[in-house]
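*Asks:* Here it is: the structure, laid out below.
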Amino acid sequence: MSEFCDVALAVPLDMAFTYRVPAEAAPVVGGRVLVPFRQQRMTGIVVELHDRKPSVTAKKIISVLDPAPVLDEKLLRLGRWIADYYLAPIGEVFRTMLPLTAEFKRSIGYRLKDAGQMTLHQAGTSGSSARSRRTPEEQAAEFRVLDYLVARSFEEDGLGVPHVSPLLRDVGTPPDGRELIREETLRSATRVTRAVLAGMVRKKWLAREDVSAPQDATRTVKIAALKTAEGKLNDNQRVLIDTLTGSGGRVPLETLQSLEVPRSTLGTLVRRGMVEIVEAPADFSVSRSKPRSAPFEFELNAAQKSALGRMCESVAARKFSGLLLHGITGSGKTAVYLAAMRGVLEGGRSAILLVPEIGLTPAVAADLHQIFGDEVAILHSALSDKERAEQWHRIKRGGARMVVGTRSAVFAPVADLALIIVDEEHDSSYKQEETPRYHARDIAVVRAKMSNAVVVLGSATPSLESYYNAKKNKYTLVELPDRVEQRPLPEVEIIDMRLEFQETGHEQVISRKLAAEIQDRIEKKEQVMVLLNRRGYSPVVLCRTCGKKLECRDCAIALTHHKREHKMVCHYCGYLAPVPKACVHCGSEYVYFLGTGSEKLEELLHGMFPQARIARLDRDTVRGHEDFERTLNALNEGELDLLVGTQMIAKGHDIHGVTLVGVVGADVALGLPDFRAAERTFQLLTQVAGRAGRGQTPGKVVLQTLFQDHYAVQYAARHDFIGFYEKELQFRSWMHYPPYSALANVLVRSDKLDDALQWSGILGKWFDSTRHEGVRVLGPAAAPIMRLKRDYRYHFVLKSPSREKLNATLRAMLAYAAQQKIPRTQVIVDVDALWLM
Ligand code: ADP
Ligand code: ZN
Ligand code: ZN
């Protein structure tokens, strides 16, 4: 038995914490424990058991939550790798890897102290204390709390702390009869703010205790259970009773409620004691379907077969290998992925398929169930915490060996991992933009290496990094060079919008050519997609008198006008402001709404093509997967002629009726100070062009641009992937950007400008005064978005051909920052940053 254990806690500190192990407890490495930390209770992962006595007295762990590890050795190792590579606190890494938050309930309790009772007593005898500086309202609030707590202390059986597990009986009622009252109970009974309670704790009138505890996360459903069918029934009651008897006496409440019977009928039956409502664990909801034997109606073509062969060979070899599957849009990559996964399943092993955030529609899920039956676990963002925990346990038990999900599915606890596939590997949703700032594609590669598994990165537009790795033979390049059934790629026509302006004398949103092409498709009853990568109605509101823009209160970002909602919206923080009638800076009435977003484009198209059925897909019209799915289905069913949208419409959809894609604005990024702008633009243009001509009729793309000579535009128009990559690699190499350098962005932020300036100054001096051989440091400079969500932001960009040297420098910088008392949460280290904004 070890005397101590080291625990990784989800706090922004780069260390584990040592606790004493009580005699009766048996923590395991990789399992969760409940521990006291500062004034709180937290769960953490045990990373080591040992007998080394720490220099300060170690507190005792409160309880052991897992008798067996939830993170096995391999996942623990992966977590340590992530913490090291991304300079992320290990506890925060483990929290990200384990979606089990539903199994722990945070809960705070308050208890009356002697001083509090005394205060109440004195107030009762001598009136209120005259010297108090508090307002009468504050005093009244405090006395409401004291009154309530005193009254509760003498109640025979108060409600106390509900849901306290047997492990936590030690926080029950103490001998003096003063009960611990939960914060929610206390606040709803006395209508006081947290600040009032905090003040009373400071005055030692109240004790505050964290009584957070594990909770059972099993999902339950309400079930109607038949107790007796004897008795006189009217027609409605008869329907319910018959339904119940017909289903063995137990039916989910939902089912009864969906019947054509008034809601009150069931209530009557319950009151008469004929039916009882009980809670029961929700069974796993998916059908008990068996895998289909023939998943696809078509036979794979030669290129697909050869790609599949390469994957299966690699899997059979049972050692690490990486494949980059470069398949053009419409080349049938998905069929290859699914066939490879089936092979893995038949071999009794496991596979993970990662998809971009927008890729997991209910239709995709239905397909996956068809193919893999109950062997598939689908992890999408719409799952509740409980559902997520349930899926996690199912995978861990071995109940689902095929896992499909977004970013964090890369941590799925499958056994005997054989294959990880990253679909659309270039997609930026694989990067987590909060701590730990990991990239799931890169984690997939590392995890595959650690597991002797195969990783397949697939895309029509691979990232520069992956393409470069394939060139350097770190990955095997596998290509699907043609569309299925010899369908051609669409012809792309570039429209120079500067010329359009000169010739028409107007700022055009839709060029004459694009308008004519749309008209033509509508007449032919073919379908059109129009991309404008900017949502809202007008992106800028400008005052013609003082020249100022209307900006967000909390960000240095222009507010976008949203016409239907009649609001000005900040696209970075969600801040809302009224639509101005006059300039907020100078009061002038000459405020102009400039530019076009997708909302305005939709309106323009309605005006130009009144007979067309038009819909829009962007983050304003899509609130959940259902909206997205509904619109795409409508397009698929031919119920729409025209779909307008942001990059959402560019991703992966396979709609055969679309023969024309119009690009109204997709090159805004080329005007931004961002070294990935060309790559992003090329990818977006290629992907959106790839939506045209996927059916029998060949497609066409009309690409409007202000940057017609830019190589990203030119190569995309020619479908020349290799040409673009070679050119872009040359640029990256000259500029020492990835993939030729490892890069990190270090952001210093504070809601106080002085702090942000001072801290970035301190770090800047440190970078200047210490030698970092082989590491270039640029900065400090104001970040391109100088103010965001109230924070002022300064940044450094670090580049080095050596990953080790870069990380050593970052580590030393963080140590120095800690020594200088710069809060860890205010220095953000983003290794392999996708955005330098
Ligand atoms: P990608 O992801 O490469 O753009 P998809 O995987 O979406 O392409 O496939 C495009 C379309 O071609 C889909 O409708 C798919 O069902 C179909 N398809 C795939 N392989 C074949 C094949 N061998 N023969 C005929 N159709 C195929
Ligand atoms: Zn003004
Ligand atoms: Zn904002």
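*Asks:* Take segment 726-751 and flag every residue that is open to solvent by 40 Å² or more (accessible area, probe 1.4 Å) and acidic (Asp, Glu).
*Replies:* Glu726, Asp751
*Asks:* Can you tell me which residue among Thr545, Thr560, Thr596 is surrounded by 14 or more Cβ atoms within 10 Å (Cβ to Cβ), away from ligand 1 (no atom under 16 Å from the Cβ) and without any contact (Cβ under 8 Å) to a residue 40 or more places away in the chain?
*Replies:* Working: Thr545 fails: without any contact (Cβ under 8 Å) to a residue 40 or more places away in the chain; Thr596 fails: without any contact (Cβ under 8 Å) to a residue 40 or more places away in the chain.
Unique residue meeting the criteria: Thr560.
*Asks:* Just to verify a result, which residue in segment 447-504, among those that are within 14 Å of ligand 1 (Cβ to nearest atom) and in contact with a Ser or Thr (Cβ under 6 Å, 6 or more places away or on another chain), is farthest from Gly699 (Cα to Cα)?
*Replies:* The qualifying residue farthest from Gly699 (Cα to Cα) is Leu457.
*Asks:* Okay, next question. All but one of (1) buried (at least 19 other Cβ atoms within 10 Å of the Cβ); (2) over 29 Å from the mean Cα position of the chain (by Cα) hold for Asp754; state the number of the condition that does not hold.
*Replies:* (1)
*Asks:* If you scan segment 710-732, which residues turn out to be over 13 Å from Thr686 (Cβ atoms) and touching a Ser or Thr at 6+ places or on another chain (Cβ under 9 Å)?
*Replies:* His710, Arg732
*Asks:* Report every pair of residues separated by at least 6 positions or lying on different chains whose Cβ atoms are under 9 Å apart, first residue within segment 782-794 and open to solvent by 50 Å² or more (accessible area, probe 1.4 Å), second polar (S, T, N, Q) and away from ligand 2 (no atom under 16 Å from the Cβ).
*Replies:* Tyr792/Ser750
*Asks:* Spot the failing condition for Asp520; the list is (1) open to solvent by less than 30 Å² (accessible area, probe 1.4 Å); (2) at pLDDT 95 or above; (3) not in a strand (DSSP E or B), and only one is missed.
*Replies:* Going through (1) open to solvent by less than 30 Å² (accessible area, probe 1.4 Å); (2) at pLDDT 95 or above; (3) not in a strand (DSSP E or B) one by one, Asp520 breaks only (1).
*Asks:* Filter segment 540-571 down to residues that are in a loop (DSSP other than H, G, I, E, B) and hydrophobic (A, V, I, L, M, F, W, C), then give me how many there are.
*Replies:* Residues of segment 540-571 that are in a loop (DSSP other than H, G, I, E, B), as a first pass: 544-548, 550, 552-557, 559, 563-566, 570-571.
Those left that are additionally hydrophobic (A, V, I, L, M, F, W, C): 546, 550, 552, 555-557, 559, 570.
Adding up the residues that qualify gives 8.
*Asks:* Let me ask another. Under the condition of being exposed (fewer than 14 other Cβ atoms within 10 Å of the Cβ) and among the acidic types (Asp, Glu), which residue from segment 492-517 is nearest to Arg691 (Cα to Cα)?
*Replies:* It comes out as Glu507.
*Asks:* Further question: Ala634 versus (1) without any contact (Cβ under 8 Å) to a residue 60 or more places away in the chain; (2) over 22 Å from Leu604 (Cα atoms); (3) not polar (S, T, N, Q): which is the lone unmet condition?
*Replies:* (2)
*Asks:* Please go through segment 564-593 and pick out each residue that is of a type in the set (Phe, Trp, Tyr) and either surrounded by fewer than 13 Cβ atoms within 10 Å (Cβ to Cβ) or within 16 Å of ligand 1 (Cβ to nearest atom) (or both).
*Replies:* Within segment 564-593, Tyr590, Tyr592 qualify.
*Asks:* Against the definition (more than 10 Å from ligand 3 (Cβ to nearest atom), open to solvent by 20 Å² or more (accessible area, probe 1.4 Å) and touching a Pro at 6+ places or on another chain (Cβ under 7 Å)), how does Leu550 come out, yes or no?
*Replies:* On the way: more than 10 Å from ligand 3 (Cβ to nearest atom): yes; open to solvent by 20 Å² or more (accessible area, probe 1.4 Å): yes; touching a Pro at 6+ places or on another chain (Cβ under 7 Å): yes.
Taking the combined requirement at face value, the residue satisfies it.
*Asks:* For segment 49-64, enumerate the residues that are closer than 13 Å to Phe17 by Cβ, of a type in the set (A, V, I, L, M) and surrounded by 13 or more Cβ atoms within 10 Å (Cβ to Cβ).
*Replies:* Correct list: Ala58, Ile61.
*Asks:* So which of Gly587, Gly574 ends up being without any contact (Cβ under 8 Å) to a residue 40 or more places away in the chain, more than 15 Å from ligand 3 (Cβ to nearest atom), assigned to a loop (DSSP other than H, G, I, E, B) and of a type outside the set (Ser, Thr, Tyr)? Reasoning before the result, please.
*Replies:* Details: Gly574 fails: more than 15 Å from ligand 3 (Cβ to nearest atom).
Answer to the check: Gly587.
The values are calculated or read from the model by the stated rules, or taken from the named source; none is laboratory data. Values in this document were obtained by computation on a predicted structure and should not be read as measured data. So basically every Cβ, Gly included, is an ideal-geometry build from the backbone, and we count neighbours across all protein chains shown. Side chains are part of the model used for accessible areas, which takes the heavy atoms of the whole protein and leaves out ligands, DNA and RNA. Shrake-Rupley method; radii C 1.70, N 1.55, O 1.52, S 1.80 Å.
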